[in-house]
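Take a look at the structure set out below.
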Amino acid sequence: SYANSSEKALISENMGGWMTPLIKYYEWTGNKKAFELAKGFANYIVKHHKESLKDDEVLGISNVHGALFCIGGVLRVARHTKNKELIGWSKRLVDYAINNLATSFGWLPEHEGKGLLQESDTQSCEGCAVADLINCCIYLAKNGYPEYWNYVERYTRNYLEEAQLKDTSWMPASAKLEDNVHESYDNIPERVKGAYVGWGDPNDFVNPTARVRNGLQNCCGPHAAWATFLVWHNIVTKEKDGL
């Protein structure tokens, strides 16, 4: 739907997010069709990005997770193509997110703007957006900007690892209600143990005035776990010129 509507931004998880699995498939199998499709996605998005922006937008999609997941895919394509235009475009947008949206320790607002918020809502952070920023910084480092490893370490140490729910003793017991086809109430504190922040405050696991209040987001748990893997996987890397 994003690709077929001039009113929607081009840069979104619905479209650009597919670049990462396509590139991974290419890396694992050597499938040239997957690589050409990923490369086509990246070139198309970078070429037409400005056309889709509203006056107050830089990323081009309200959801920061969606935008950064797309940018991370473009950087993975650039890792193989060495395309300086893709790298420069991505770096400009990642720098914007770092300098204008994120805190120094990596908390990110869910949205670039406040268009989806009600008057009583405050911005909150999705763990998946932090994961995407870490992913982008990893691939900027791999694309010739090693200084971005400093952001990877800072965001991982000071937000990502603190954003996992490891202690549920502060959570109230589940409501004494029967499960139904839409909702489950049984032993919720233990069942969400290990999840990551979804709609969190800078220093709290939940945000009582978020757009969705006192809740977790289903995209954040697996995506933040993926970022933890990416950090672990890149602590030591073997390249042609050594370790």
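The values are calculated or read from the model by the stated rules, or taken from the named source; none is laboratory data. Computed from a predicted model, the values in this text were never measured in an experiment. All Cβ positions, glycine included, derive from the backbone under ideal geometry; neighbour counts span all protein chains shown. These area figures cover heavy atoms from the full protein model, side chains too; ligands, DNA and RNA do not enter into them. Shrake-Rupley method; radii C 1.70, N 1.55, O 1.52, S 1.80 Å.
Contact map, the stretch 218-241: first residue farther than 26 Å from Arg191 by Cα, second residue modelled with pLDDT of 95 or more and of a type outside the set (Asp, Glu), Cβ cut-off under 8 Å, separation 6 or more or different chains; pairs are Asn234/Ile138; Asn234/Val152. Looking only at the stretch 130-166, residues that are acidic (Asp, Glu) and either open to solvent by less than 40 Å² (accessible area, probe 1.4 Å) or in contact (Cβ under 8 Å) with a residue 12 or more places away in the chain (or both) come to 2 in all. Within the stretch 174-229, the only residue that satisfies the criterion of being among the small types (Gly, Ala, Ser), more than 19 Å from the chain's Cα centre (by Cα) and under 26 Å from Ser120 (Cβ atoms) is Ala175.
One line per residue, one yes/no per condition, for (1) in a helix (DSSP H, G or I); (2) modelled with pLDDT under 90; (3) basic (Lys, Arg); (4) more than 29 Å from Val231 (Cβ to Cβ):
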residue: Glu161; (1), (2), (3), (4): yes, no, no, no
residue: Asp167; (1), (2), (3), (4): no, no, no, no
residue: Trp170; (1), (2), (3), (4): no, yes, no, no
residue: Gly194; (1), (2), (3), (4): no, no, no, no
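Among the residues making up the stretch 47-75, those that are surrounded by fewer than 23 Cβ atoms within 10 Å (Cβ to Cβ) and in a helix (DSSP H, G or I) are Lys47, His48, Lys50, Glu51, Ser52. Name the single residue that is farthest from Leu133 (Cα to Cα) among those in the stretch 103-119 being touching a Cys at 6+ places or on another chain (Cβ under 7 Å) and in contact (Cβ under 8 Å) with a residue 60 or more places away in the chain. Checking each candidate, the answer is Glu110.
Residues in the stretch 26-45 that are hydrophobic (A, V, I, L, M, F, W, C) and surrounded by fewer than 24 Cβ atoms within 10 Å (Cβ to Cβ): Trp28, Ala34, Phe35, Leu37, Phe41.
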